[in-house]
Amino acid sequence: MLSTEIIDQTVLRGAFAAFPTGVVALAGVVDGRPNVLVASSFAVGVSQTPPLTMFAVQKTSGTWPLLRELSSLGVSVLAESHESTIRQMSAKDHGQRFAGVEHTVLPTGAVVLDGAPVQFECTIENIHPAGDHDIVVLRILNLASDQTCQPLVWHRSMCTKLSA
């Protein structure tokens, strides 16, 4: 039965974690070096005309203020092969986030991860405040898809594989 009482933050976080989502890396070149933000709050297919996607980012993020100033961002859906690097790409030490991670820097400065099932090159269309997060709407400029790669799934606060 649903409760009308104030929602406990731990219970809410657990409820959100019960919904499986994909995991993406949003990346671009900042001060001459690739930088990345990992997010599980990504929604593909917001609009086909124009082509839009979106994600939510915590207002306390230290990486987002750096990436939001870029003219172009790469969005890579993380693959099973990226499982071992998610924590590294999320580390506080920005300098080590791409150590050993195969990636491509596009001419616009957007960065995409090699081996991703889907890669988007995007620009920021809109940013909307939403509680302790911002909702960022991205316009898709270019994309690549590799149907042979399996995506990672974020479920119950951990990564899991989609395939058996």
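The values are calculated or read from the model by the stated rules, or taken from the named source; none is laboratory data. No experiment lies behind these values; they were computed from the predicted model shown. Neighbour counts run over all protein chains shown; Cβ positions are idealised from the backbone, glycine included. Just the protein is used for accessible areas: all its heavy atoms, side chains included, with ligands, DNA and RNA removed. Shrake-Rupley method; radii C 1.70, N 1.55, O 1.52, S 1.80 Å.
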Report Rg(Cα)/(2.2 N^0.38 Å) for the chain, keeping two decimals.
1.04
Rounded to whole Hz, the Karplus (6.51, -1.76, 1.60) HN-Hα couplings of segment 24-38, x for glycine and proline:
10, 10, 9, 8, x, 7, 10, 6, x, 10, x, 9, 9, 10, 9
Suppose accessible area is computed on protein heavy atoms with a 1.4 Å probe; arrange MET54, MET89 from highest to lowest.
MET54, MET89
Size-normalised alpha-carbon gyration radius of segment 95-135, reference 2.2 N^0.38 Å:
1.53
Can you tell me the order of 25-31, 81-87, 10-16 when each peptide is scored by its average per-residue count of other Cβ atoms within 10 angstrom, highest first?
25-31, 81-87, 10-16
With a point put 7 Å past each Cα toward its Cβ, work out how far THR60 is from GLN147 in nm, to one decimal.
4.3
Enter the mean projected area of the convex hull around the alpha-carbon atoms of segment 1-86, in nm², rounded to one decimal.
8.6
In whole Hz, the Karplus estimates of ³J(HN,Hα) for segment 117-126 (6.51, -1.76, 1.60; θ = phi - 60°; x where Gly or Pro) are x, 9, 10, 10, 10, 9, 10, 7, 8, 8
In percent, what relative contact order does the chain have, based on Cα pairs under 8 Å that are 6 or more apart in sequence?
27
Starting from the amide H of MET54, placed 1.01 Å from N in the peptide plane, find each other amide H under 5 Å away whose residue is 5 or more places distant or on another chain.
ALA43, VAL46, LEU138
Can you give me the C-alpha center-to-center distance between segment 11-78 and segment 126-145, rounded to a whole angstrom?
7
